[in-house]
Amino acid sequence: METQIAEKLLVKESDLLWELDRVRAVDGIPVILEHRYVVASHCPKLTRSQAEGSLYQAWTESHRLIIAGADETVRAVLLTPEEAEHLKVPIGSPALEVVAVGLLETEIPLWWERTLYRADMYEFHSRLGPVQSAKPLRGQFVTTSKSPSGK
């Protein structure tokens, strides 16, 4: 586990984590490639069969955890050879990358994930609102080497 991930999960590098790599399919077609770390102390009896099914169902029903949500960042990426092989697409195919930290109701992190969604098979839908107050802009600008005129 990387130091950055331990920091996001508020754990020590020596703490026990479940590490999950999953390919999720729809009608036998792989559409999602997921790499996830889960803080084991929150669900110490997580089983392989639970991890192969719905993690959210396992966490809420079997482990009685209350999931508050997740902080997610979504961006477009091109798949590496290994990622493309898992998703059965050509190398360099576009994907939507979601990097997220999932939170329990107490705002304590439960998981960190990097998940890739095939761009040709998946879309995200989001609804904004209600908006309670304006907050300062968050994020970062990505610059390119091109001038504003495109040259």
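The values are calculated or read from the model by the stated rules, or taken from the named source; none is laboratory data. If you're wondering where the values come from, they're calculated on a predicted model, not measured in any experiment. Don't worry about glycine lacking a Cβ; one is built from the backbone with ideal geometry, like all the others, and counts go over all protein chains shown.
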task: Test residue 34 against the stated conditions and say whether it is in a strand (DSSP E or B) and either in contact with a Ser or Thr (Cβ under 6 Å, 6 or more places away or on another chain) or over 26 Å from residue 7 (Cα atoms) (or both).
output: yes
- request: Among the residues of region 72-121, count how many are in contact with a Leu (Cβ under 7 Å, 6 or more places away or on another chain), part of a strand (DSSP E or B) and charged (D, E, K, R).
  value: 2
- prompt: Out of all the residues in region 37-64, which are among the hydroxyl-bearing types (Ser, Thr, Tyr), surrounded by 13 or more Cβ atoms within 10 Å (Cβ to Cβ) and under 30 Å from residue 85 (Cβ atoms)?
  reply: 37
message: For the list (1) outside any helix (DSSP H, G or I); (2) at pLDDT below 95; (3) under 22 Å from residue 6 (Cα atoms), I need the number of the one condition that residue 140 fails.
response: (3)
Neighbours by Cβ (under 6 Å, 6+ apart or cross-chain): first from region 105-125, at pLDDT 95 or above; second in a loop (DSSP other than H, G, I, E, B): 109/10
task: Go through the residues of region 65-79 one by one and say whether even a single one is touching a helix residue (DSSP H, G or I) at 6+ places or on another chain (Cβ under 8 Å), over 22 Å from residue 105 (Cα atoms) and crowded, with 16+ Cβ neighbours inside 10 Å.
output: yes
field: Failed item, numbered, when residue 34 is tested on (1) surrounded by 15 or more Cβ atoms within 10 Å (Cβ to Cβ); (2) in contact with a Phe, Trp or Tyr (Cβ under 9 Å, 6 or more places away or on another chain)
entry: (2)
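Which residue out of 11, 26, 89 is touching a strand residue (DSSP E or B) at 6+ places or on another chain (Cβ under 7 Å), under 28 Å from residue 126 (Cα atoms), surrounded by 11 or more Cβ atoms within 10 Å (Cβ to Cβ) and among the β-branched types (Val, Ile, Thr)?
That would be 89, the only listed residue that is touching a strand residue (DSSP E or B) at 6+ places or on another chain (Cβ under 7 Å), under 28 Å from residue 126 (Cα atoms), surrounded by 11 or more Cβ atoms within 10 Å (Cβ to Cβ) and among the β-branched types (Val, Ile, Thr).
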